[in-house]
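Trainee: This structure is in structure tokens; I'll ask about it shortly.
The values are calculated or read from the model by the stated rules, or taken from the named source; none is laboratory data. On a predicted model such as this, the values are computed, not experimentally measured, just so you know. Side chains included, ligands, DNA and RNA excluded: accessible areas come from the protein's heavy atoms. Shrake-Rupley method; radii C 1.70, N 1.55, O 1.52, S 1.80 Å.
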Amino acid sequence: MKVKVSKDICIGCGACQAIAPDVFEIEDDGLACVFGKITEENKDDIIDASENCPTGAIEIEQ
């Protein structure tokens, strides 16, 4: 699984960080990024974060 945050779409609301804090963080520019390791244990949280992103900025490739 590959995960990417589209900086052109992200509004930095922090929902992804709240749902999967071990994978997403808000950078100094106010936008989210993927910083953590993607594992089997956090896969469901990543999918949940993607589904709850208000702008659809999180892209997941299986």
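Trainee: Quick check on the chain: helices-only [θ] at 222 nm, where DSSP H runs of length 4 and up contribute -39,500 (n - 2.57) each and the sum goes over total residues. Nearest 500, please.
Mentor: Calculated at 222 nm, the ellipticity per residue is -6500 deg cm²/dmol.
Trainee: Okay, moving on. Could you state the principal axis extents of the C-alpha atoms in the chain, from the largest down, to the nearest angstrom?
Mentor: For the chain, the Cα spread along each principal axis is 29, 18, 16 Å.
Trainee: Leaving ligands, DNA and RNA out of it, report the carbon-plus-sulfur percent of the accessible area of the chain at a 1.4 Å probe.
Mentor: Within the chain, the accessible surface is 45 percent carbon and sulfur.
Trainee: Using a 1.4 Å probe, what is the accessible area per residue for the chain, in Å²?
Mentor: Spelled out: the 1.4 Å probe surface of the chain, per residue, equals 62 Å².
Trainee: Moving on to the next point. With θ set to phi - 60° and the Karplus curve 6.51 cos²θ - 1.76 cosθ + 1.60, what are the ³J(HN,Hα) couplings of the stretch 31-47 in order, to the nearest whole Hz, using x for Gly and Pro?
Mentor: 10, 6, 8, 8, 10, x, 7, 8, 10, 4, 5, 9, 4, 5, 5, 5, 4
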